[in-house]
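Undergrad: Okay, here's the structure, questions in a sec.
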Amino acid sequence: MTSGVGIDMIEVGRVAEKINKESGFRELVFSKTEIAYCESKKNKFEHYAARFAAKEAFFKALGTGWAENTLFSEVEIINNKEGKPEVSLSGSTLETISSMGIKKILVSLSHIKTMASAVVLVEK
C-alpha cells in the first residue's frame, strides 16, 4: 500500500557550488559508492544533484522530513544492473526506516544541464 510520495527539484549549480566550496559536504551527503559513480561521469554535478534531490524526495515521502537517527549518506541512490536507480539504506537509517514499516521504495531521477529532480514513492 502506498504510504507516501515525495518530489524534489534542485539547481545543478547549487550542488556544484556546495561541493566545490564546502569541505566535507560531499562526504556528509553522499556514500563512497555514490561519489565514485558521480565522479566517473562527464557531467558529474548533474548526477550529484539528481541523487541529492532523491534523498530530499525520500524524506518528504516518509512524511517526517529528515527523520531522527537517519543520515543522508546512509540513503544511497544506486543503479541496478539494468541501470535503473534504486534506494539502498544502511546503518541506523535502515533500522529507523524498517521500524516505520516501509517495505518498498521506488525512485525516478531526471536531470539536465541546469536542473535535477527526483520522485520517490514509499509503500508499507
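Undergrad: Grab the beta carbon distance between ALA16 and GLU95, set R0 = 30 Å, and tell me the FRET efficiency rounded to 0.05.
TA: 0.40
Undergrad: Among LYS21/LYS41; LYS60/LYS81; LYS55/LYS113; LYS44/LYS103, which pairs are too far apart, with a Cα-Cα distance over 25 Å? Write out the running numbers ahead of the final one.
TA: Details: LYS21/LYS41 20 Å; LYS60/LYS81 27 Å; LYS55/LYS113 20 Å; LYS44/LYS103 31 Å.
Beyond 25 Å: LYS60/LYS81; LYS44/LYS103.
Undergrad: Grab the beta carbon distance between ILE112 and ALA36, set R0 = 22 Å, and tell me the FRET efficiency rounded to 0.05.
TA: Numbers: r = 23 Å, r/R0 = 1.04.
Result of the calculation: an efficiency of 0.45.
Undergrad: Same structure again: Only counting other Cβ atoms within 10 Å, I'd like LYS103, LYS55 sorted with the fewest neighbours first.
TA: So the ranking, lowest neighbour count to highest, is LYS103, LYS55.
Undergrad: Mean Kyte-Doolittle of at least -1.0 plus a Cα span of 15 Å or more along the axis: flag which DSSP H helices in the chain meet both, please.
TA: In the chain, the long hydrophobic H runs are 44-62.
Undergrad: For Cα extents along the principal axes in Å, the choices are (1) 47, 35, 20; (2) 48, 31, 28; (3) 37, 26, 26; which was calculated from the structure?
TA: Derived directly from the coordinates: (3).
Undergrad: For the chain, build the charge dipole from Cβ charges (+1 Lys, Arg; -1 Asp, Glu) around the Cα centre, then report which of LEU71, HIS111, LEU121 sits farthest towards its positive end.
TA: Of the candidates, HIS111 comes out farthest on the positive side.
Each reported figure results from applying straightforward, stated rules to the coordinates on display, with no laboratory input. Since the structure is predicted, the reported quantities are computational estimates derived from the model, not experimental observations. Every residue, glycine among them, receives a Cβ derived from its backbone with ideal geometry; neighbour counts consider all protein chains shown.
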